[in-house]
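This report concerns only the one structure given below.
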Amino acid sequence: DIDSGTLSRNLPALRFIDFATCRTAAEVCGFEAQNTGTTPAWEPRRESHLTEVACAVYEAQNGKPMTVMPVHAGLECGGFAPKNPALDMISIGPTLTGVHTPEERCDTEDVQITVELLKEILRSLEQ
């Protein structure tokens with residue numbers, strides 16, 4: 001079996017590229033590939049109260065603006081979005097490098113920054 005776990009904000013392109021890659025790899029090795037599904041895509045909202053709160057909290061805590069950009073992450077948001085399209089979501093976390101390889105690393109200082117950010121976002125939303 002070849003199991004692929006790719007993510008994308010562009011679901012149609014993901015389905016094509018992911019399966020085409022697996023099928024080619026399988027055929028080269030004399031196997032047959034089957035597509036058993038994909039993770040739903042998630043398009044972040046351009047206008048988001050939660051993003052505004054997160055950015056304000058981050059800047060207050062760190063003295064610089066938070067970088068907001070879509071990245072190859074946030075898998076869980078793709079699972080929630082189709083079930084509740086009105087849900088305002090963000091995906092935040094520490095800096096990771098070498099993801100899904102033996103070289104995967106997590107910036108441990110970023111973990112503490114993320115924890116404090118999340119706690120203050122929740123406090124801000126509570127008010």
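The values are calculated or read from the model by the stated rules, or taken from the named source; none is laboratory data. All of these numbers come straight from a predicted model, not from anything done at the bench. A quick note on method: Cβ atoms are made from the backbone with ideal geometry, for glycine too, and the neighbour counts reach across all protein chains shown. Each accessible area value is taken on the protein alone, full model and side chains, heavy atoms only, with ligands, DNA and RNA left out. Shrake-Rupley method; radii C 1.70, N 1.55, O 1.52, S 1.80 Å.
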Checklist entry - With Cβ to Cβ distances under 10 Å as the rule, what net charge do the other residues near Leu96 carry (K, R +1; D, E -1)? => result -2
Item to check | Cα gyration tensor shape for segment 46-100, rounded if a/c is under 1.5, else prolate or oblate | outcome: oblate
Item to check | Around Thr51: net Lys/Arg minus Asp/Glu count, Cβ-Cβ under 14 Å | outcome: -3
Next on the checklist: What does the net charge come to around Ala60 if you take all other residues with beta carbon closer than 12 Å to its beta carbon, with K and R at +1 and D and E at -1?
Outcome noted: -1
Item to check | Shape of segment 20-127, Cα gyration tensor, a/c cut at 1.5 | outcome: oblate
Next on the checklist: Could you work out the relative contact order of segment 31-127? I mean the mean sequence separation of Cα pairs under 8 Å and 6+ apart, divided by the number of residues, in percent.
Outcome noted: 28 percent
Next on the checklist: Could you put Cys29, Cys55 in order of accessible surface area, largest first, with the 1.4 Å probe and the full protein assembly present?
Outcome noted: Cys29, Cys55
Checklist entry - Gap in Å between the Cα centre of segment 83-99 and the Cα centre of segment 109-127? => result 14 Å
Checklist entry - What percent do you get for the relative contact order of segment 63-116 when only Cα pairs under 8 Å and 6+ apart count? => result 24 percent
Item to check | Rounded if a/c under 1.5, otherwise prolate or oblate - segment 70-127, Cα gyration tensor axes | outcome: oblate
